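Peer 1: Take this structure, written in structure tokens, and hold onto it; I'll ask about it next.
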Amino acid sequence: MKNMVSLMKMELILMKRQAAYYLLSIGLPSVFYLIFSGMMSGSDVPTLALHTYLFSMTVFSIMSSAFFSIPSTLQSDKTNNWQKLIQHSPVSMVEYYISKLFSTLLTFLLSIIVVFSVGHFVRGVNMPMMDWLAIALILLVGSMVFIAMGVLVVSCPVPSSCLLWAISFIWL
């Protein structure tokens, strides 16, 4: 447990160092939501359209993190021999991957909070609190698929062929 806490602290420090990445992966979907919902706000747009677009931009934020952040982080850990260092330390690889999973889910949760807040406070999207929480939980649970796909891209022996396979699968 002590090892896990140390790994989580390191992940939080690494998250702070990548502030520009988080600004883009969380801020860009928020800006897209503001732009496109602003174009729709002058007309008689049903509130369902604003809700749907809000959730779409949240999923966009989660997918961009899963497909770009996770593979690049795991690949850089492999390239910098961080994974070999972990293997020769008292920390198990399971704890390493669990800490990566928790830091990724924390990023997703931050993304959900920011995009939902923009929708609520700027565009006036209103729902009962239980609906907000249920949708956030569904998005977090559903993001596990994207995390698995991001890890799959990195774990393939020939990354370029796996990347083509993953893109083809996503395209379908």
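Peer 1: Out of the residues in region 75-95 meeting the condition of being under 11 Å from Leu7 (Cβ atoms) and of a type in the set (Ser, Thr, Tyr), tell me which one is farthest from the chain's Cα centre (by Cα).
Peer 2: Only one residue fits best here, namely Ser89.
Peer 1: Name the residue, out of Phe60, Phe68, that is of a type in the set (Phe, Trp, Tyr), farther than 28 Å from Val125 by Cα and under 17 Å from the mean Cα position of the chain (by Cα).
Peer 2: Phe68
Peer 1: Identify all residues within region 13-35 that are of a type in the set (A, V, I, L, M, F, W, C), more than 13 Å from the chain's Cα centre (by Cα) and modelled with pLDDT under 80; write none if there are none.
Peer 2: Across region 13-35, the qualifying residues are Leu14, Ala19, Ala20.
Peer 1: Then there is this: Only one of these conditions is not met by Ser99: (1) under 30 Å from His51 (Cα atoms); (2) at pLDDT 80 or above. Which number is it?
Peer 2: (1)
Peer 1: Only one residue in Leu164, Leu152 is part of a helix (DSSP H, G or I), farther than 26 Å from Phe102 by Cβ and modelled with pLDDT under 90, so which one is that?
Peer 2: Selected residue: Leu164, the only one of Leu164, Leu152 that is part of a helix (DSSP H, G or I), farther than 26 Å from Phe102 by Cβ and modelled with pLDDT under 90.
The values are calculated or read from the model by the stated rules, or taken from the named source; none is laboratory data. Quantities reported herein were computed from a predicted structural model and do not represent experimental measurements. All Cβ positions, even for glycine, are placed from backbone atoms using ideal geometry, and neighbour counts span all protein chains on display.
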